[in-house]
Amino acid sequence: MTAATFLRIGTRRAQLVGCLLLVALVVSGCSGGGQGAYIIRPHYFWDSLLSPSPTIVNAIGLTLGISVVAQFIGVVLGVFAAMGKMARFVPFRIVANFYIWIFRGTPLLVQLSFLFFGLQTARVFMWPSVVFGPIDILPEILAGIVILGVNEGAYMAEIVRAGIMAVDPGQTEAAKSLGMTFRLTMTRIVLPQAARVIIPPLGNEFNNMLKTTSLLSALSIFELYTTFSNLSAVSFAPFELFGACAIWYLLLTTLWGFVQSWIERKFAKGTVGSQTQGPGWRMRLMGRTSFDADARSLGGH
């Protein structure tokens, strides 16, 4: 499809969403006189978007911070796990496969509950608070970052492994013939070339991480979803506030869509078809792309 076609599809979807919201507002407004009817208060919605309180701003910052650090941990663990899975040393392969099996095969919510509440209640491990200068990281935030990162590492391991396998084996043989060590071969020859394959699904994983942080409500962390949930409980305006919460998540993922498209273009320079490498941001937001299938085939969620 052409860009114009995708734009028309996106416009129709936006019109459909707008119509549904209008119908919901009209129905709610028409039933406003009945006993116990829900009364729409639009100012909660618009104030949360146009003039967010410091609580909402802090929640957005916390969501972004957790996502970035957890994704970084996931990428590092994913590289090591991929190396371990491809290693000739059998114990490394066993450990890497066991790690991937555990964290890909159990729900993230269960992992959060077990590794935070379970370990602390049984006195197996007590999550500490960490201080970095003026920043005080509470135990539940530290646990959330680490658990999200470890979970993400299991998915990134398959993505990194697929990226490494996509590199021509002749590159590794040529590096060996030049006397390069395994570490130099991976850091200077293989991984830079594999990055072109890894970047698209990695970007999709970070997009997913931004939304997955909402599960940290199980640990009573005041990220974006928990903050709006508490505001809704106080004001009893779930329709308006959760709608605003959805818009904030949509804004964050949309902005990341632009960044991801730019990163992919940078890594695609000098390759065949670099001018058309990767889908544009409209394709990411308005419809399924071939990169969605790539992410699933490379071990994505």
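The values are calculated or read from the model by the stated rules, or taken from the named source; none is laboratory data. Because the structure is predicted, anything quoted here is derived from the model rather than measured. Here the Cβ is made from the backbone with ideal geometry for all residues, glycine too, and neighbour counts use every protein chain on show.
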(request) Scan the stretch 195-239 residue by residue and report those that are among the charged types (D, E, K, R) and surrounded by fewer than 21 Cβ atoms within 10 Å (Cβ to Cβ). (result) Arg196, Lys211
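Quick check: anything in the stretch 152-160 of a type in the set (Phe, Trp, Tyr) and not in a helix (DSSP H, G or I)?
In the first step, residues of the stretch 152-160 are kept if they are of a type in the set (Phe, Trp, Tyr); the result is 155.
Checking the rest, the ones that are also not in a helix (DSSP H, G or I) come to none.
Within the stretch 152-160 (the criterion being of a type in the set (Phe, Trp, Tyr) and not in a helix (DSSP H, G or I)), the answer is no, since none of the residues qualifies.
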(message) List pairs: first residue in the stretch 114-127 and surrounded by 14 or more Cβ atoms within 10 Å (Cβ to Cβ), second residue in a helix (DSSP H, G or I) and of a type in the set (S, T, N, Q) anywhere in the structure, Cβ distance under 9 angstrom, at least six positions apart or on different chains.
(response) Trp127/Gln120
(message) Within the stretch 1-120, considering only helices (runs of 4 or more DSSP H) that don't extend past its boundaries, which have at least 2 residues that are farther than 28 Å from Leu252 by Cβ, at pLDDT 95 or above and not small (Gly, Ala, Ser)?
(response) 90-105
(request) For the stretch 130-143, state whether one or more residues are more than 30 Å from Gly257 (Cβ to Cβ), surrounded by fewer than 22 Cβ atoms within 10 Å (Cβ to Cβ) and touching a strand residue (DSSP E or B) at 6+ places or on another chain (Cβ under 6 Å). (result) yes
(request) Sort out which residues of the stretch 218-272 are small (Gly, Ala, Ser), at pLDDT 95 or above and within 16 Å of the chain's Cα centre (by Cα), and write them in order of number. (result) Ala246
(message) Checking Phe222 against (1) under 30 Å from Phe117 (Cβ atoms); (2) assigned to a helix (DSSP H, G or I); (3) not charged (D, E, K, R): exactly one of these is not met. Which one?
(response) (2)
